[in-house]
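As structure tokens, the structure follows; a few thoughts come after it.
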Amino acid sequence: MSKKESPRLVLLPTFPTAAVVVAATTAGAAAVVATLTAGGGAASWAAVATAAATTAIVTALVWPRVATDVLGLHGTSFPSPADGGDMPLLGRVPQLVTAARGKTLVHTYLDWQRRVGWGVNHQFYTLGRRAVVIVDPDDIRAVAMRLNAPRDQRKLRFFGTPLSADMLFVVPDPRHDNARRLVHPFLSGTPTTETVLRVVNETLWGVPSRSVGSDGARSGGGAAPPARWAAHLEALADSGESVDIDDLATSFTVHMIYALLYSETPSLSELADEKDRLIRLIADTTALVGLPAPELLGRARMTSLRKAGDKFFIEFERRAAARRAAYVTGATAAQPPRDMLDVMLADLDKGKTGAYQGDRRRVAADMLFYVLAGYDTTAHSIAWTMHALLDNPDVEARLVAELDFAMPPAGQPITAAHLAAMPYADAVWKESLRRFPPAPNGSIRKLPADLRLPSSGDVIPAGTVVHLPIIANHHNPTAYASPLAFDPTRWLPPTAPGGGGHTPAAQRAARTHFLAFHLGPRACPGQNMAAVEAKAMLSVLFHRYRWSRVGDSADVVLENLLTLRPAGLRVTLQRRAVRA
Ligand code: HEM
């Protein structure tokens with residue numbers, strides 16, 4: 001749909017406002033009638049109050065239907081199909097709750113888009129609150145980059161400390177900007193690439209390198225940790241046992257994020273515990289962020305979340321104290337920062353002039369948030385890439401040919417130069433992120449100021465909650481021909497050897513609609529880390545092993561609350577012959 005055809009987004013008052021206005025009018029009318037007929041009195045005023053209350057309730061019941069059906073906002077609002085029986089009372093709450101329970105939110109977003117039209121913005125009501133779903137890429141840019149709209153803080157204020165409304169994820173500027181600026185040099189530059197590759201090499205091959213124990217002190221300088229992952233993969237190949245690839249990748253990425261944040265490299269069994277704990281925590285977190293009204297969750301759930309948050313804070317304090325003790329004994333130095341803990345402690349030392357203004361709880365909350373944001377997205381991207389490659393043997397064959405050429409001989413460390421020599425692997429990962437975006441629902445943000453939509457000129461008022469779903473753009477057929485096809489050549493230059501012949505215009509559209517890490521000042525700060533980690537892991541997996549699926553591709557379920565997981569993807573592996 002061209003810009004000019006973009007439908008107007010007619011915004012009506014949300015139903016509480018409508019209910020109050022209509023009820024007040026009715027009450028006024030009832031008061032006049034009561035005065036004229038009975039001359040006032042308690043009984044009459046009771047009748048007035050009853051009339052007002054009844055009118056408010058009736059208005060509340062019918063308002064979403066009036067807004068969407070009677071006033072005919074089809075195309076700009078929900079088309080209210082026959083299955084929209086839940087609309088009058090609660091808007092889309094039952095639909096969202098069912099989707100959240102069944103972990104099928106992603107289908108909901110895709111379904112909405114299919115009905116309303118690809119690329120078309122629309123609105124919906126939950127419990128009377130209006131939300132606007134923005135999918136036009138120019139409009140998304142306006143929200144994400146021009147306004148720097150924060151996510152909806154309401155969703156997180158129920159957590160309590162340290163998972164509080166002060167987390168990086170929701171905190172407004174300038175606190176957000178300062179916290180991002182602090183970690184930017186570490187997260188998006190050479191230190192992260194080096195750390196990630198060092199840990200990948202250590203964990204896979206046991207390549208000698210200095211490691212840091214969980215007490216914060218460097219241990220065994222120059223000693224090689226056991227080649228646990230390589231051994232683990234070899235054992236799996238020997239046994240012929242199947243493995244859930246998402247589980248395997250999750251253990252790996254939890255390991256990586258702990259190395260990046262704390263220079264800790266937990267054992268496989270410690271990882272299993274940590275992973276379970278994290279998964280439980282993220283499941284609860286997700287329920288809060290994913291639900292339209294977190295206050296619907298029970299008190300017991302809230303209490304357990306607060307306890308989990310407090311426990312994390314205590315652990316953070318323990319780690320910080322151990323690291324500070326290590327600084328004093330000279331066992332480790334803070335400069336240059338080797339991990340995020342060094343970065344954060346140096347900032348806390350600046351007190352009020354630091355990015356965190358000396359606030360340890362905010363630092364702990366953000367460290368937890370980095371863990372939560374940093375492990376399962378990347379793990380899912382690895383698992384989804386494997387799923388796509390198993391469905392597309394021609395793509396796999398071309399990838400393996402590139403790896404045979406670009407990978408170092410077995411046992412030698414993978415370097416940034418090796419990864420740079422893998423353009424096809426790059427395209428494969430990007431196409432996987434398009435087809436199966438690990439954070440498919442994107443952002444839910446609250447507009448800090450009025451927004452004029454570039455696409456239509458409509459103005460959305462400040463305070464409106466907007467949804468910026470990613471999956472809807474990644475499957476827009478006007479941007480991606482055959483959107484369900486797994487075609488890495490979309491991302492290769494048309495003239496590259498084996499390029500897909502996509503026109504420059506098609507490639508521009510593909511880039512414009514690609515949002516896997518979102519945009520602007522609140523876009524993913526971990527994308528460099530994720531790219532290095534996922535590509536290194538995938539390169540090793542496909543260079544050294546041949547993978548087979550257990551069961552059918554169609555059995556793999558798109559499981560989604562906050563992140564998109566390939567549930568039920570089990571595989572077996574066999575060794576490939578590689579250069580010695
Ligand atoms: C394939 C892997 C990843 C994907 C697809 C991904 C995707 C995203 C997306 C879409 C957002 C924005 C969400 C929103 O606007 O609501 C985001 C935010 C974020 N991501 Fe990632 N991410 C990945 C890996 C990582 C890693 C490895 C880290 C940790 C280092 C990380 C840390 C964060 C943080 C801290 C934010 C919040 C940023 C802010 O609010 O300023 N992510 N990510």
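The values are calculated or read from the model by the stated rules, or taken from the named source; none is laboratory data. Treat the numbers as computed from the prediction; the structure is a model and nothing was measured. Cβ placement follows ideal geometry from the backbone for every residue including glycine, while neighbour counts extend to all protein chains displayed.
Numerical summary
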{"read-out": "Residue that is farthest from residue 510 (Cα to Cα), among those in the range 435-451 that are within 12 Å of the ligand (Cβ to nearest atom), of a type in the set (A, V, I, L, M, F, W, C) and assigned to a loop (DSSP other than H, G, I, E, B)", "value": "439"}
{"read-out": "Test: residue in the range 458-465 that is more than 30 Å from residue 260 (Cβ to Cβ) and within 16 Å of the ligand (Cβ to nearest atom)", "value": "yes"}
{"read-out": "Flag if residue 279 is in the same structural domain as residue 376 (by TED's automatic domain parsing), modelled with pLDDT of 75 or more and surrounded by fewer than 16 Cβ atoms within 10 Å (Cβ to Cβ)", "value": "no"}
{"read-out": "Residue tally, condition assigned to a loop (DSSP other than H, G, I, E, B), in contact with a Phe, Trp or Tyr (Cβ under 8 Å, 6 or more places away or on another chain) and within 16 Å of the ligand (Cβ to nearest atom), over the range 233-268", "value": "1"}
{"read-out": "Enumeration of residues in the range 353-407 that are part of a loop (DSSP other than H, G, I, E, B) and touching a helix residue (DSSP H, G or I) at 6+ places or on another chain (Cβ under 6 Å)", "value": "354, 355, 356, 358, 407"}
{"read-out": "Filter result for residue 498 (near the ligand (Cβ under 9 Å from one of its atoms), touching a residue at least 12 places away in the same chain (Cβ under 8 Å) and on the phi > 0 side of the Ramachandran plot)", "value": "no"}
{"read-out": "Filter pass, residue 170 being in a loop (DSSP other than H, G, I, E, B), modelled with pLDDT of 85 or more and under 24 Å from the mean Cα position of the chain (by Cα)", "value": "no"}
{"read-out": "Residue under evaluation residue 489, criteria (1) away from the ligand (no atom under 16 Å from the Cβ); (2) part of a loop (DSSP other than H, G, I, E, B), criterion not met", "value": "(2)"}
{"read-out": "Residues of the range 511-523 satisfying the condition of being crowded, with 17+ Cβ neighbours inside 10 Å and over 26 Å from residue 477 (Cβ atoms)", "value": "522"}
{"read-out": "Extreme residue, nearest to the ligand (Cβ to nearest atom), among residues of the range 408-434 that are under 26 Å from the mean Cα position of the chain (by Cα) and more than 21 Å from residue 193 (Cβ to Cβ)", "value": "434"}
{"read-out": "Any hit, the range 213-220, residues being surrounded by 20 or more Cβ atoms within 10 Å (Cβ to Cβ), touching a Ser or Thr at 6+ places or on another chain (Cβ under 6 Å), within 28 Å of residue 167 (Cα to Cα) and modelled with pLDDT under 65", "value": "no"}
{"read-out": "Residue within the range 510-517 that is assigned by TED's automatic domain parsing to the domain that holds residue 195 and out of contact with any helix residue (DSSP H, G or I) (no Cβ under 9 Å at 6 or more places or on another chain) present", "value": "no"}
{"read-out": "For residue 470: the one exception among (1) surrounded by fewer than 22 Cβ atoms within 10 Å (Cβ to Cβ); (2) within 16 Å of the ligand (Cβ to nearest atom)", "value": "(1)"}
{"read-out": "Subset of the range 221-252 (residues that are modelled with pLDDT under 90 and β-branched (Val, Ile, Thr))", "value": "250"}
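So that you can scan it fast, the table gives a plain yes or no per residue for (1) in contact with a Ser or Thr (Cβ under 7 Å, 6 or more places away or on another chain); (2) within 16 Å of the ligand (Cβ to nearest atom); (3) more than 30 Å from residue 366 (Cβ to Cβ):
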| site | (1), (2), (3) |
| --- | --- |
| 517 | no, yes, no |
| 528 | yes, yes, no |
| 540 | no, no, yes |
| 547 | no, no, yes |
| 552 | no, no, yes |
| 555 | no, no, yes |
| 574 | no, no, yes |
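Listed here are the residues, each with its yes/no results for (1) farther than 30 Å from residue 548 by Cβ; (2) within 10 Å of the ligand (Cβ to nearest atom).
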site	(1), (2)
350	yes, no
353	yes, no
360	yes, no
369	yes, yes
382	no, yes
394	no, no
